[in-house]
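Colleague: Right, I'll just put the structure down here and ask away after.
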Amino acid sequence: MGLTLTEKIIKEHLIEGEMTPGKPIGIRIDQTLTQDATGTMAYLEFEATGLDRVKTELSVSYVDHNLLQSDFRNADDHRFLQSIAARYGLYFSKPGNGICHQVHLERFAAPGKTLLGSDSHTPTAGGCGMLAMGAGGLDVAMAMAGQPFFLNMPKVVGVLLKGSLSPWVSARDVILELLRRLTVKGGVGKVMEYLGPGVATLSVPDRATIANLGTELGATGTVFPSDGVTRQFLAAQAREADWQPMEADPDAQYSEMIEIDLSTLEPMIACPSSPDNVVPVREVAGRPVSQVIIGSCANSSLRDLMLAAKTLETREISPDVSFEINPGSRQVLENGDETGVLKALIHAGARIHQSGCLGCIGMGQAPATNTISLRTFTRNFPGRSGTKNDQVYLCSPETAVASAIQGRITDPRDLGAAPDLEMPGKFIINDNGIIPPLEDGSGVEIIRGPNIKPLPKFDPMPDDLDGVVLLKLEDNITTDHIMPAGSKILPLRSNVPAISEYVFSQIDPEFSKRAKETSPSIIVGGENYGQGSSREHAALAPRYLGVRAKLVKSFARIHKANLINFGILPMTFADASDYDTISQGEKLSIPGIRQALLGGADTVTIRRQDGSTFQARLELSERERQILASGSLLNWVKAQL
């Protein structure tokens, strides 16, 4: 039986385990990336290993999230990250050079390689034939230390593409259609692998958009084949030497097959406030729009900006709309200038921002009260924009620019003929914003601002665990709910005591205070707990506050891994109906939990205040059990080293 492309890459990198879906495996990681919202903590964790240099083929530290320098903290962290990169042998992408996923696609992505990033949208590079996955910062730190990355062998889902996209329909509509079909839980435990004749009609930036938003399906990763289109893209980046042809075997077997006829798709839009609340644009057309933004790691390539510029050559922006552009990289800006894209956008009334994540992470660009904001961003979770009770819709650049012109949500097909786009055969290449690693960084002084605090120390798992249910939550709780982002909170990412004051602050403003008074504690939740961003602070800060266990119906992959990494016990209900009987504030006891972990028990008995009991599952590998018993991954790895 032949192999899927995903299986081929995993087989080439397999260090531990066997490629049986659901079974734990450890794979070698070739490349890593971090961004500044997660990177400072990842490098503090790497420092704690005592190693002198990263052991990967290539590691890059990007600054793209916390670009707003309203005080010293972000600027200090940028200097810390640059000095860390010089000290330990990493590339450093400077503030303003671009969004990590866009820049990595342009300058570093290589078919057949593995990439681990401390950002949930790292799978973007799957558009270039990589197996790219998001993870918590501690997992990335361990990969930089030469350790395997451990995960459960994913199922590989084949997505068969036929036909070609119609005018005004783009790659964004492909993945929105999948989100409509599968929901934000549909990709959990799976890699989405694209194949079929329709793939050849998609450019690498198109594929990267689809791979990027595969994260919103909950997928471990997304993989496209490496073909002539990939070769053309790498040649335009002056990196043709990185190309190799890669595809699945003709007789490869997929766990399931999904078929999409590209020619039947129409413009789609995700309504508030979830990426899977998807409908055709025509169903919500006519609603007034106040803000439209093209940008984020999903849709900020030169192609996306060129589409907007060409559409605006003979049109103007509605006077009622703030039309904003966040270019994905310095390269996009330079080539946009060379091709006349920037001039057309500026002339039409667009606001051009610096290359970065910006409003997608709540760093500025908050919409006005009670208004609709259309964005080509990745997420529209409630309040993520920075405005309470926001109305954020997610759409393609085509729908975005059409709506900006009309001042209301508009099906772009209503504009008439679509513009012809002709991409450059060669891009202007300027790597001045990327500082390469030193051959020997041992003499570099690491610059630490006063906001960078040492890592907290974590105690091992006790023999018995008693805790109060400090919070009971519903389904689809995101890491934004647990550890909010935005311009007020993100500058505290290097200071765990300070950032912990904001844990669950959007749900319960008194949570941090109550947690300090009630330690240890337990959180109870529903399905798909911890979806969204990979931010490990959503595990690290609760652990600092004394949260020692989370009991839910099901977990999102990255958040569960982060909980384990910081010694928070992840349990799932053996009987989901037990969720309904638990009340916030009651005390739960888990006698013999340490022995249950080390003894390999699949279930554990939880005792309630009234003496009754129920069962919870421990869906953990042997390695994960040892990490939890040790109190954290860092404790465990340091003991191994």
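The values are calculated or read from the model by the stated rules, or taken from the named source; none is laboratory data. Only a predicted model underlies this, so the values are computations on that prediction, with no experimental measurement involved. When we count neighbours, we look across all protein chains shown, and the Cβ atoms used for this are built from the backbone with ideal geometry, even at glycine.
Colleague: Just to confirm my filter: which helices (runs of 4 or more DSSP H) fall fully inside the stretch 465-556 and include at least 2 residues that are within 19 Å of ASN451 (Cα to Cα)? Give the derivation first.
Modeller: Numbers: elements: 479-482, 496-499, 511-517, 537-544.
Hits in the stretch 465-556: 496-499, 537-544.
Colleague: Same structure again: Answer yes or no as to whether PRO267 is at pLDDT 95 or above and buried (at least 17 other Cβ atoms within 10 Å of the Cβ). Full working, then the answer.
Modeller: Working: at pLDDT 95 or above: yes; buried (at least 17 other Cβ atoms within 10 Å of the Cβ): yes.
So PRO267 passes the test.
Colleague: To continue, here is another question. Can you pull out the residues in the stretch 505-541 that are under 20 Å from the mean Cα position of the chain (by Cα) and not small (Gly, Ala, Ser)?
Modeller: As a first pass, look at the stretch 505-541 and keep what is under 20 Å from the mean Cα position of the chain (by Cα): 527-541.
Passing the criteria: GLU527, ASN528, TYR529, GLN531, ARG535, GLU536, HIS537, LEU540.
Colleague: Sort out for me the strands (runs of 3 or more DSSP E) sitting completely within the stretch 575-641 that have 1 or more residues that are in contact with a helix residue (DSSP H, G or I) (Cβ under 6 Å, 6 or more places away or on another chain). Step through it out loud before you land on a result.
Modeller: Numbers: elements: 587-590, 603-608, 613-617.
Of the strands (runs of 3 or more DSSP E) lying wholly inside the stretch 575-641, those with at least 1 residues that are in contact with a helix residue (DSSP H, G or I) (Cβ under 6 Å, 6 or more places away or on another chain) span 603-608, 613-617.
Colleague: Regarding LEU415, is this residue hydrophobic (A, V, I, L, M, F, W, C), within 21 Å of VAL284 (Cβ to Cβ) and outside the structural domain of VAL289 (by TED's automatic domain parsing)?
Modeller: On the way: hydrophobic (A, V, I, L, M, F, W, C): yes; within 21 Å of VAL284 (Cβ to Cβ): yes; outside the structural domain of VAL289 (by TED's automatic domain parsing): yes.
So LEU415 fits the description; yes.
Colleague: Further, regarding this structure: Given (1) over 30 Å from THR581 (Cβ atoms); (2) among the β-branched types (Val, Ile, Thr); (3) part of a loop (DSSP other than H, G, I, E, B); (4) in the same structural domain as LYS587 (by TED's automatic domain parsing), identify the lone condition not met by ILE452.
Modeller: Every condition holds for ILE452 apart from (4).
Colleague: Hey, could you check the stretch 496-511 for residues that are under 19 Å from SER583 (Cα atoms) and touching a helix residue (DSSP H, G or I) at 6+ places or on another chain (Cβ under 7 Å) and say which is surrounded by the most Cβ atoms within 10 Å (Cβ to Cβ)?
Modeller: PHE504
Colleague: Can you name every residue in the stretch 340-368 that is under 17 Å from GLY486 (Cα atoms), at pLDDT 95 or above and β-branched (Val, Ile, Thr)?
Modeller: None; the set is empty.
Colleague: With the requirement that a residue be surrounded by fewer than 14 Cβ atoms within 10 Å (Cβ to Cβ), modelled with pLDDT under 95 and either among the aliphatic types (A, V, I, L, M) or outside any loop (DSSP other than H, G, I, E, B) (or both), what does the stretch 388-434 give you?
Modeller: Passing the criteria: only LEU421.
Colleague: Hey, can you tell me all the residues within the stretch 173-196 that are within 16 Å of GLY126 (Cα to Cα) and not in a loop (DSSP other than H, G, I, E, B)?
Modeller: VAL174, ILE175, LYS190, VAL191, MET192, GLU193, TYR194, LEU195
Colleague: Looking at the stretch 352-376 only, could you name the residues that are of a type in the set (S, T, N, Q), closer than 25 Å to GLY286 by Cβ and part of a loop (DSSP other than H, G, I, E, B)? Talk me through it step by step, then tell me what you get.
Modeller: As a first pass, look at the stretch 352-376 and keep what is of a type in the set (S, T, N, Q): 354-355, 365, 369-371, 373, 376.
Next, from what is left, pick out any that are closer than 25 Å to GLY286 by Cβ: 365, 369-371, 373, 376.
Those that are of a type in the set (S, T, N, Q), closer than 25 Å to GLY286 by Cβ and part of a loop (DSSP other than H, G, I, E, B): GLN365, THR369, ASN370, THR371, THR376.
Colleague: Still on this structure, I have one more. Can you find a residue that is touching a strand residue (DSSP E or B) at 6+ places or on another chain (Cβ under 9 Å) and surrounded by 23 or more Cβ atoms within 10 Å (Cβ to Cβ) anywhere in the stretch 74-83?
Modeller: yes
Colleague: Looking at (1) closer than 21 Å to VAL444 by Cα; (2) out of contact with any helix residue (DSSP H, G or I) (no Cβ under 6 Å at 6 or more places or on another chain); (3) crowded, with 24+ Cβ neighbours inside 10 Å, which is the one condition that is false for LEU44?
Modeller: LEU44 satisfies every listed condition except (3).
Colleague: Collect the residues in the stretch 232-253 that are surrounded by fewer than 18 Cβ atoms within 10 Å (Cβ to Cβ), under 27 Å from VAL188 (Cβ atoms) and not charged (D, E, K, R), keeping them in residue-number order.
Modeller: Within the stretch 232-253, GLN253 is the sole residue that qualifies.
Colleague: Here's another thing I want to ask about it. Which one of these does SER385 not meet: (1) crowded, with 23+ Cβ neighbours inside 10 Å; (2) in a helix (DSSP H, G or I); (3) without any contact (Cβ under 8 Å) to a residue 40 or more places away in the chain?
Modeller: Status for SER385: all satisfied but (2).
Colleague: Taking the stretch 12-53 on its own, how many of its residues are among the basic types (Lys, Arg) and either farther than 19 Å from MET133 by Cβ or assigned by TED's automatic domain parsing to the domain that holds ALA485 (or both)? Give the derivation first.
Modeller: Start the filter on the stretch 12-53 by keeping residues that are among the basic types (Lys, Arg), which leaves 23, 28, 53.
Next cut, either farther than 19 Å from MET133 by Cβ or assigned by TED's automatic domain parsing to the domain that holds ALA485 (or both) only: 53.
Counting residues in the stretch 12-53 that are among the basic types (Lys, Arg) and either farther than 19 Å from MET133 by Cβ or assigned by TED's automatic domain parsing to the domain that holds ALA485 (or both) gives 1.
Residues checked against (1) more than 30 Å from GLU266 (Cα to Cα); (2) in contact (Cβ under 8 Å) with a residue 60 or more places away in the chain; (3) surrounded by 24 or more Cβ atoms within 10 Å (Cβ to Cβ); (4) small (Gly, Ala, Ser):
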residue: ALA125; (1), (2), (3), (4): no, yes, yes, yes
residue: ALA132; (1), (2), (3), (4): no, yes, yes, yes
residue: GLY136; (1), (2), (3), (4): yes, yes, yes, yes
residue: MET142; (1), (2), (3), (4): yes, yes, yes, no
residue: ALA145; (1), (2), (3), (4): yes, yes, no, yes
residue: PHE150; (1), (2), (3), (4): yes, yes, no, no
residue: LYS155; (1), (2), (3), (4): no, yes, no, no
residue: LYS162; (1), (2), (3), (4): no, yes, no, no
